[in-house]
Amino acid sequence: MIEMLSFLIEEPINVATCIGVGMVTVSFCFLIHLLATFNEYHRPIIPILASIIFLLGPVLMLGVVAGQGQDTGSMYLFELDNFKSFLDNFKSLLFLWLDFGFSTLFLFLPLLFAVGTLQMLRITFPRPAEDPLLASIDD
Amino acid sequence: MGLSLVLAAFSMGRMGPSFKRSRFGWPLGALGLALMVFLPEPLLAFEPGYAECQRLYHCRWDLRDQYLDVLIGSLSWIVLALLGSLMIIRGSSVYGRNRPRSVTAGWALVIAAWFLMSRMWFYEFIISEPFFILLGLIVLASMAATICLHVQVVRYTERKTPRMPKIAPLDERESRMVTEMIRRNLGGEVE
């Protein structure tokens with residue numbers, strides 16, 4: 001455990017990437033939600049702008065500072081030859097981060113399912129009510 | 001594209017029957033899922049063979065096989081788990097009459113979901129590398145912080161929204177009409 005933590009400290013880009021992955025995943029979902037549920041009763045301009053900033057900001061920031069050719073997909077976005085390759089790399093980075101984000105959600109879903117299974121056990125074998133008032137209702 | 005459609009379908013479905021577009025939730029979700037499963041994504045810019053594969057649709061079939069394996073495996077156990085839980089809840093005495101058959105079938109589905117999950121290489125791989133779990137925890141913390149940020153943004157927007165002018169109280173005719181509507185729905189006599 002200590003080795004893992006020291007690795008994170010030695011390689012802060014890992015922590016920054018993880019923080020960026022979380023921001024990008026949530027902002028992407030929120031942006032799609034705002035666009036899909038757009039209606040006359042909403043005032044979504046500020047939330048949409050915030051989502052775009054939280055979505056593009058981390059990708060651009062880490063894309064600029066991180067080294068090219070790493071497995072994390074980070075690269076010098078602004079040192080690319082032309083705008084098309086910039087867009088290609090940006091799209092790839094965004095795609096990869098969303099992939100990381102949803103993989104993380106899938107990774108922790110079994111814990112949620114374990115809690116759900118415990119709840120199912122509780123309702124399958126209900127205990128008799130301890131409260132005398134509830135017990136009288138049961139009777 | 002497929003993921004965006006699935007997310008949009010979920011949001012539309014949650015809008016409720018007062019919005020016509022909520023009817024498109026299920027078909028749009030099915031289309032998004034079909035795109036995710038059947039439409040191969042092109043290679044990413046930094047993946048090996050990217051340049052050679054630009055004109056082909058997909059060159060790295062081993063990666064696609066891994067992706068499909070995780071996606072279909074995850075969807076399978078999630079669907080089984082949801083169906084099983086629903087049957088147990090409906091069959092238990094907590095929310096109605098006790099139906100042992102429904103509970104038994106529900107538990108069979110839940111156990112099948114656990115079995116499928118235990119056979120997935122994705123989870124075996126993650127358990128063998130606890131470092132990924134640590135990184136995942138950082139991602140989850142970041143997600144929670146970002147949700148808080150978005151909530152603050154929405155609260156700020158609502159605070160800045162100009163309030164509607166105060167409406168005038170009901171006149172005599174409107175009062176009688178509302179009273180009559182309530183009386184017809186709830187019964188009782190007007191004093």
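Every read-out reported here was derived from the displayed coordinates using simple, explicitly stated rules and does not represent laboratory data. Predicted model, so just to flag it, every value in this text is computed and none were measured. Cβ sites come from the backbone with ideal geometry, for glycine too, and all protein chains shown count toward neighbours.
Structure notes:
- Between B:ALA141 and B:ARG159, full extension at 0.36 nm per residue minus the direct alpha carbon distance yields a gain of 3.8 nm.
- Counting 0.36 nm for each residue step from B:PHE38 to B:PHE19 and taking away their Cα separation leaves a gain of 3.8 nm.
- Sequence of A:HIS42, B:HIS150 once ranked by neighbouring C-beta atoms within 10 Å, starting from the fewest: A:HIS42, B:HIS150
- For region B:114-191, the set of trypsin sites (Lys or Arg not before Pro) satisfying both a DSSP loop assignment and a count of at most 15 other C-beta atoms within 10 Å is given as B:ARG119, B:ARG163, B:LYS166.
- The mean number of partner chain beta-carbon atoms within 10 angstrom of a residue's beta-carbon across peptide A:94-107 is 5.
- Between A:GLU40 and B:ILE127, the simple spin-label model (points 7 angstrom out along Cα→Cβ) gives 5.6 nm.
- The charge dipole of region B:93-191, taken about the Cα centre with unit charges on the Cβ atoms of Lys, Arg (+1) and Asp, Glu (-1), comes to about 100 debye, rounded to the nearest 20.
- Paramagnetic label zone (point 7 Å from Cα along Cα-to-C-beta, A:LYS91; backbone N under 12 Å) in region A:20-48: none
- For residues of B:147-154, the mean tally of beta carbons on other chains within 10 Å: 5
- Working from label points 7 Å from Cα in the Cα-to-Cβ sense, the B:ARG173 to A:VAL15 distance is 7.0 nm.
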